[in-house]
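The values are calculated or read from the model by the stated rules, or taken from the named source; none is laboratory data. Being a predicted model, the structure only gives us computed values, none of them experimental. Don't worry about glycine lacking a Cβ; one is built from the backbone with ideal geometry, like all the others, and counts go over all protein chains shown. Side chains are part of the model used for accessible areas, which takes the heavy atoms of the whole protein and leaves out ligands, DNA and RNA. Shrake-Rupley method; radii C 1.70, N 1.55, O 1.52, S 1.80 Å.
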Amino acid sequence: MPIVYRLLTVLLLIGGYSHAQTTIPIETADFAVVLQTDKSNYLNMVYCGKKLPQSADYGGIADGYQFPSDNSGSYNNAYTPAGTWNLVEPAIQVTHPDGNPSLDLKYVSHQTTRPDANSTLTTVKLADPVYKLTVTLFYKTWPKLNVVEQWSEISNAEKGPVVLQKYASANLFFPNKSFYLTSFQGTYLKEMQPMEEKLQQGLRTIDTKLGTRAMLLGTPNFMVAFDKPAQENSGMVMLGQLAWSGNYKLDFEIDSYQTLRLIAGINPYASAYTLPTGKSFTTPSLIYSLSDQGTGLASRQLQRWARDYRVLDGNGSRLTLLNNWEATYFDFDEPKLSSLIADTKKLGVDMFLLDDGWFGNKYPRNSDNAALGDWQENKKKLPNGIGYLVKEATKAGVKFGIWIEPEMVSPKSELYEKHLDWVIRQPDRPEKYYRNQLVLDLSNPQVQDFVFGVVDGLFTKNPELAFIKWDCNAVIYNAYSAWLNKQKLPQSHLYVEYVRGLYKVLERIRAKYPKVPMMLCSGGGGRGDYELLKYFTEFWPSDDTEPVERIFQQWNYSYFFPAITTDCHVTDWGKQPIKFRVDVASMGKLGFDVVVSHLSPNDLAFCQQAIKNYNGFKDIVWHGDQYRLLSPHENSAMSVAYVSEDKAKAVMFTYFHDSRVVDTNTKRPIPLAGLDPAKQYQVTEINLYPGTKSTLEDSKTYSGAFLMNVGLNPDVSARRTSVVLQLTQVP
Ligand code: DGJ
């Protein structure tokens, strides 16, 4: 290389990788994310990897990288601004009051505090040297769990409003050699399908523009495996989720040096946000778990974090239930419901859940084309009201829960007739419906009051009400808010203010009713996110309850969510026997949506015993650690074990799901994991169908070392498709 070019290259060495000034390690028990300023005082991310024993060593990491910085910009900025030197995907893009679209952000200060004994919080302040705009980056860690929560706050001290065109939550940089991204996408009844791809140079974006029911076609969950495809028990991986219940955007950009930039946040699509002078905008959080022992450990960390620090009552109890949706759909009356309440008791579950169809009088809710918004009991179906049913349930010795979909409105409803201005719709265009309904404008405080009032009214009238199933079946079409218009606020605030309005309502509900369990339903997996799970105890993963599909669904969701949050109902979908269906649903929070009176005596006896068994081991499934043992994606069998925290008990579920695949794995023992090698465990098969016997030796005892190194063969086959084994420590 001619000397002049070599000289130029040295001069162009990217600032972020030399002349370090301030190094900011954000450490967990095993990992570190390291930020560092360069000679120009830009803040860069220089490392994400194993924690180093000597923190002084972090200062030298950047010296090993020599990526030239030419006119394509800086690659590893910790929060990449647009409009100045950067020409890659920005994390933030603004227009100043004078119309200038440039932003430059330089390091100002940082501090690390301990909000409590289990977490740390590092904040880093950046400021534009020309305009009075600052950005604070937040990194909260739960060191023991290797979980990081990252968000940003943009503050405007300029003389007028700043328009935020893009305002990401997090901007990360990884200089590894290759990256494998698994995203979780799909459609109605096929939600959360994993798709792994090797990232190539360019931008891979995963986003949604659906507004509400945002995760119907793709979720904000993702997995990045570094240097090799994701493995369950080895390799460096990051499992992440943007905790936002509206439009999101995840950008994975591989640059010309094959390094990865990850930018996650609210989708800027149609969402330019005007930030008044003196105000700040706080973004939602990106939450991630890091592991160098594959996805299994990353999931267990995330699941425990969720139970300990995020999900409402994450370490508490849940109610098993009988739901009437598939048993009756909209066709029920008081006597029918009374008999279902009696069946709830007979079955042995905790609660009867009344689903859709109980409301509306002028326009009765007898199908899905009317009455959303008219939350008064339908007098014909329920002449004595909900209160009567709650009393019936109490008399029968079970609890009573109810379905609502309070964010929605049917065009055939009194609410629509009275409050057209509460509806998201274009005033001069034809309406477009999703499931025959429209979405209420939650940016409007009056609508927030109304939605709060729906829940408050139910609890005020029926204090014994024990559960809410909160549905959300429509996306936002024709996004337009009469309220924002009246306030002279930009329409581009609607997607953001809708979600904030929803959170405000939920804050109020939880302030008044802190404990009542609530299920987050969205016609399936439209809504399972860690922001809403602050207010909800559980979520409904999919309307597809066919149990073989559920094996895959539950496996896929378990990468991110603990079993206690995942509602799994036994229904009549598919051709699998009742044992298979109940066993599959027992891997999460168990419920039933069947006609109990249609069950054969043996099926009923099986269910009753299986519920008793579930009550015996639910503590392990809900609060223990999950080990994914055999993937249904790669085998004709699937196996998962849950192990109690003290390793004294475990329960192992194994299914045979595909007889078309010749797969020798079912002929071999399946090694368990997470047990104590020194403990002895007695293994007993439970959930046996009446009249059948286990093919395994009864109550045999094995050492934990044997079970984890050699394994157990549950003996699943086309004739024995589902096996549940309980492992109990023997003294
Ligand atoms: C969609 C849900 O996923 C179902 O479980 C049921 O509640 C229906 N909505 C009711 O309309």
Heads up, the strands (runs of 3 or more DSSP E) in the stretch 234-289 (entirely inside) with at least 2 residues that are more than 17 Å from the chain's Cα centre (by Cα) and surrounded by fewer than 22 Cβ atoms within 10 Å (Cβ to Cβ) are 248-254, 273-275, 280-282
Within the stretch 295-333, restricting to residues that are away from the ligand (no atom under 16 Å from the Cβ), among the small types (Gly, Ala, Ser) and buried (at least 18 other Cβ atoms within 10 Å of the Cβ), the one that is farthest from GLN231 (Cα to Cα) is GLY314
- Query: Is there a residue in the stretch 529-539 that is over 22 Å from TYR248 (Cβ atoms) and open to solvent by 10 Å² or more (accessible area, probe 1.4 Å)?
  - Reply: no
In the stretch 408-429, anything within 16 Å of the ligand (Cβ to nearest atom) and open to solvent by less than 10 Å² (accessible area, probe 1.4 Å) is listed as MET408, VAL409, SER410, SER413
ASN361 meets each of (1) within 15 Å of the ligand (Cβ to nearest atom); (2) farther than 14 Å from PHE400 by Cα; (3) not aliphatic (A, V, I, L, M) with one exception, condition (1)
>> Tell me yes or no: at least one residue of the stretch 574-587 is in contact with a helix residue (DSSP H, G or I) (Cβ under 7 Å, 6 or more places away or on another chain), among the polar types (S, T, N, Q) and modelled with pLDDT of 95 or more.
In response: yes
Right, ASN369: surrounded by fewer than 21 Cβ atoms within 10 Å (Cβ to Cβ) and within 14 Å of the ligand (Cβ to nearest atom) or not? yes
Taking the stretch 140-185 and keeping residues among the aromatic types (Phe, Trp, Tyr), open to solvent by 10 Å² or more (accessible area, probe 1.4 Å) and within 20 Å of the chain's Cα centre (by Cα) leaves TRP142, TRP151
Among residues of the stretch 334-344 being touching a strand residue (DSSP E or B) at 6+ places or on another chain (Cβ under 9 Å) and more than 16 Å from the ligand (Cβ to nearest atom), the residue farthest from ASP572 (Cα to Cα) is ILE341
Of the residues in the stretch 541-588 that are under 15 Å from TYR655 (Cα atoms), among the aliphatic types (A, V, I, L, M) and not in a loop (DSSP other than H, G, I, E, B), the one that is nearest to the ligand (Cβ to nearest atom) is ALA585
For the structure I just gave you, tell me whether LEU210 is assigned by TED's automatic domain parsing to the domain that holds SER271, open to solvent by 10 Å² or more (accessible area, probe 1.4 Å), under 24 Å from VAL496 (Cβ atoms) and at pLDDT below 95. no
The stretch 23-142: strands (runs of 3 or more DSSP E) wholly inside it with 2 or more residues that are in contact with a strand residue (DSSP E or B) (Cβ under 8 Å, 6 or more places away or on another chain) and of a type in the set (Val, Ile, Thr) are 23-27, 31-37, 92-95, 106-116, 119-127, 133-142
Reported set for the stretch 333-381 where residues are polar (S, T, N, Q) and assigned to a helix (DSSP H, G or I) is SER338, SER339, THR344
Inside the stretch 246-294, the number of residues satisfying the requirement of being of a type in the set (S, T, N, Q) and closer than 30 Å to ASP227 by Cβ is 9
In the set PRO175, PRO229, the lone residue that is closer than 29 Å to GLU549 by Cβ and of a type outside the set (A, V, I, L, M, F, W, C) is PRO229
With criteria (1) farther than 16 Å from GLN626 by Cα; (2) surrounded by 15 or more Cβ atoms within 10 Å (Cβ to Cβ), ALA650 comes up short on (1)
If you go through LEU506, LEU415, the only one that is at pLDDT 95 or above, more than 27 Å from PRO541 (Cα to Cα) and among the hydrophobic types (A, V, I, L, M, F, W, C) is LEU415
So the strands (runs of 3 or more DSSP E) completely within the stretch 621-731 holding 2 or more residues that are within 20 Å of SER234 (Cβ to Cβ) and out of contact with any helix residue (DSSP H, G or I) (no Cβ under 8 Å at 6 or more places or on another chain) are 637-643
Check your understanding: Has the stretch 397-407 got at least one residue that is surrounded by 16 or more Cβ atoms within 10 Å (Cβ to Cβ), acidic (Asp, Glu) and not in a loop (DSSP other than H, G, I, E, B)?
Key -> no
If you go through TYR79, TYR47, TYR139, TYR65, the only one that is of a type in the set (Phe, Trp, Tyr) and modelled with pLDDT under 95 is TYR65
Selection over the stretch 682-715 where residues are closer than 20 Å to TYR614 by Cβ, open to solvent by less than 50 Å² (accessible area, probe 1.4 Å) and not small (Gly, Ala, Ser) yields a count of 7
